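Only one structure is covered here, and it is reproduced in the block below.
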Amino acid sequence: MVPKVRLPDARKMITLEVVANTRLSPSFANITLGGPELEHFKPAGDDQAVRLFFPREGQEKLRMPRVNSEAWIAELLVMSKASRPWVRNFTIRRARPELNEVDIEIVLHADTPASAWVRRARPGDPAGIFDIGLTYLPPARAEWQMLVGDESALPAILAILDDAPESLAAQVYLEVPETADIRPDIVVPEGVHVHWLARDGADGLPGTLALDAIRQATLPPGRFYTWVAGESRMATGLRRHLVNDRDVPKPDIAFIGYWKHGRSSPG
Ligand SMILES: Cc1cc2nc3c(=O)[nH]c(=O)nc-3n(C[C@H](O)[C@H](O)[C@H](O)COP(=O)(O)OP(=O)(O)OC[C@H]3O[C@@H](n4cnc5c(N)ncnc54)[C@H](O)[C@@H]3O)c2cc1C
């Protein structure tokens, strides 16, 4: 199923600069991007995500697509590989429109294009964004919510929790690579229970611990909305469990494969 997406009314290709590159924990870095073109970006909060364009190794300049629509993909494909930027999807963790800045938290895992860029990104380096909207759209009928993510969805879930009303009741399952990646200081509404799960070298795909924990959990009563994102087998596996074993209606589940084990993102 293609998740329901709320797209912005108008969007533009935006070219920015790295303002800061800060290591948050063993597996996470925060990249702050800024620049005057952010006046064209409308922060929507929650899991709002962007295509992030960044230079390949050795490219001094960033060649951004010019079209402000999904036709950017065709534009990118006709560029020679030597001049084409990398493009990956990331969440806007925080926006500070008054400073023309946004934060993006990126998981460092092996020597992939995004991880390698984060390791070399310095203030002043170019990067670009294109808004792709958000998928966290809880219906009014939900009495409580279940939010589930592996490390790739941690920024989205933290942003959702930052924007949550005080009345939110939720069970939140967050799986991270290491105990040292847990954010012990997050502040959440009283009715929100956060279950941190750290793999700490355990075997299995990211998301397995979260899936197992939910399979064994006694969930609160009442109709609930689930938002799950991360490794695609975790997202589809959770949906299958909720629908088949817990009789959850399909429209009450938003499941988004953020990445696929063993496959690079296109672009
Ligand atoms: C809407 C949306 C929002 C997202 N938000 C974020 C975000 O805020 N922060 C974030 O870090 N990620 C986020 N992701 C996931 C991110 O786009 C992918 O992880 C992406 O593949 C990273 O690119 P890469 O260059 O590191 O790896 P790729 O070149 O795409 O993949 C190379 C290899 O690494 C593996 N791989 C990819 N991602 C991971 C991972 N997280 N852990 C372990 N192995 C991996 C792949 O399976 C492949 O084998 C988001 C994805 C979507 C669709």
Taking the condition of being farther than 22 Å from ILE106 by Cβ and without any contact (Cβ under 8 Å) to a residue 40 or more places away in the chain, how many residues in the stretch 11-49 meet it?
1
Failed condition for ALA29, given (1) modelled with pLDDT of 95 or more; (2) open to solvent by 30 Å² or more (accessible area, probe 1.4 Å); (3) hydrophobic (A, V, I, L, M, F, W, C), with all others met?
(2)
Could you tell me which numbered condition PRO165 fails, if it satisfies all but one of (1) closer than 23 Å to ARG93 by Cα; (2) open to solvent by less than 60 Å² (accessible area, probe 1.4 Å)?
(2)
Looking at the stretch 201-228 only, could you name the residues that are in contact with a Lys or Arg (Cβ under 7 Å, 6 or more places away or on another chain) and loosely packed, with under 13 Cβ neighbours inside 10 Å?
ARG223
Residues of the stretch 59-92 that turn out to be more than 18 Å from GLU37 (Cα to Cα), in contact with a strand residue (DSSP E or B) (Cβ under 9 Å, 6 or more places away or on another chain) and of a type in the set (Lys, Arg), as a count
1
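Do any strands (runs of 3 or more DSSP E) lying entirely in the stretch 61-144 carry at least 2 residues that are more than 10 Å from the ligand (Cβ to nearest atom), and which ones are they?
Working: elements: 86-91, 94-96, 101-107, 126-133.
The qualifying strands (runs of 3 or more DSSP E) are 94-96, 101-107, 126-133.
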Of everything in the stretch 182-196, what is surrounded by fewer than 15 Cβ atoms within 10 Å (Cβ to Cβ) and either touching a strand residue (DSSP E or B) at 6+ places or on another chain (Cβ under 9 Å) or in a strand (DSSP E or B) (or both)? Give them in sequence order.
ARG183, PRO184, PRO189, HIS193
How many residues does the stretch 82-104 contain that are touching an Asp or Glu at 6+ places or on another chain (Cβ under 6 Å) and open to solvent by 30 Å² or more (accessible area, probe 1.4 Å)?
1
Pairing a residue in the stretch 117-128 that is open to solvent by less than 40 Å² (accessible area, probe 1.4 Å) with any residue that is among the aromatic types (Phe, Trp, Tyr), where Cβ atoms lie under 6 Å and the two sit 6 or more apart in sequence or on different chains, gives TRP117/PHE54; ALA127/PHE54; GLY128/PHE53
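The values are calculated or read from the model by the stated rules, or taken from the named source; none is laboratory data. A quick note: this is a predicted structure, and the numbers were derived from the prediction, not measured. Every residue, glycine as well, gets a Cβ built from its backbone with ideal geometry; the counts of neighbours run over all protein chains shown. Just so you know, the surface numbers come from the protein's heavy atoms only, side chains and all, with ligands and any DNA or RNA stripped out. Shrake-Rupley method; radii C 1.70, N 1.55, O 1.52, S 1.80 Å.
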